[in-house]
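Reviewing the structure listed below.
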Amino acid sequence: MSTMRGALRRPSVVAQVGAVLVVVLLVAVVVRLPWAGDLGMHAATVQRLRHDLVDPGNPLVDADTPSPYYSPWMLVLGCVARVTGFSVFVVLRIGAVVGLGLFISGVWRYVRTLSPHPAAPALSLLCLVFLWGTSLFTWSGFLGLNSLALTVSYPSVFALGLAFHLWAWLAGAVRGGSAAGAGWARGWGVWVGLGVLWAVILLCHQFSGVVASLGALATVVAARVRGGVWVRLGVGVLVGGWGFCGCGRTTTSSRCSGRGGDLEAVHRGLYRDWWGGTGWCRWGWWRSGCGWWRDRWDPLVLFFALGVVVVGGVG
């Protein structure tokens, strides 16, 4: 028995050490915070909110117009900058630490809903940052190490961290732990909270919000919920939809008005040759095939299938 425990413990320790090294590397990136990509735009957004939380104007041009870069998370960082007097880059570093913490803890929580193996969370974190093929790929909302090194202070990392927590929380709720509980806090309150969390993710980074929505749908389908859970789930969806539509009317208007073609052209590279031309997609096909063979209701298989449907429809 002790030999078996030792055999199980060794890969767990190796995986955990590897995950810790990745986290240390990302913390070093936060300290360095290289000026690249869209960092200047996010810094300008925080700077405008520092000066005026109600009517900050457009952070990119001298015009009193709405901007898609304003979000609940940027508002929080603007308040931090306003109260503390820290420079915008110090505030962005604080935001990066929070986003990175949410991402790591979210992965740990979500993976625990899928596997009890002690090495599973650390191995999953390593897979998330390394299994992206042999070509360097950098894009906001993607979790490859190269992307994270550039976007760790962006709202997309914060939103994806919340997405993992959303899936973990939702998985526990649909399996009956919260839906069957007595009282507001353990019953309806959970679903209202899930709806609010979903809305916050959508407001902070819409493209990550699409990923979060697909993952949530896969979690619900995999759980094969029935009865009163559907009613509670409907309440959560209504709360989230109302929050996103109500609070996001001004921030998303400039993103959606007259720019659909431009955004389509910019993001086409993300799903070009999606059938198997990128490392992450080939890994997805292999993982989904193995998962489907083991369990036809595997949430990761359903998640990947939904992604294929959406990307295939867009492409």
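Worth a mention:
- Residue match in the stretch 47-68 (condition: part of a helix (DSSP H, G or I), of a type outside the set (K, R) and farther than 21 Å from A199 by Cβ): yes
- Residue in the stretch 99-115 that is surrounded by fewer than 19 Cβ atoms within 10 Å (Cβ to Cβ) and without any contact (Cβ under 8 Å) to a residue 12 or more places away in the chain present: yes
- Output for the stretch 60-73, where each listed residue is touching a Lys or Arg at 6+ places or on another chain (Cβ under 9 Å) and at pLDDT 85 or above: Y70
- Residues satisfying the stated conditions in the stretch 225-272, i.e. basic (K, R) and either under 22 Å from the mean Cα position of the chain (by Cα) or at pLDDT below 85 (or both): R226, R249, R255, R259, R268, R272
- For L26, the conditions (1) modelled with pLDDT of 85 or more; (2) assigned to a loop (DSSP other than H, G, I, E, B) are fulfilled apart from (2).
- The requirement of being crowded, with 16+ Cβ neighbours inside 10 Å and part of a helix (DSSP H, G or I) is not satisfied by G40.
The values are calculated or read from the model by the stated rules, or taken from the named source; none is laboratory data. The model shown is predicted, which means the values in this text are computed figures rather than measured ones. When we count neighbours, we look across all protein chains shown, and the Cβ atoms used for this are built from the backbone with ideal geometry, even at glycine.
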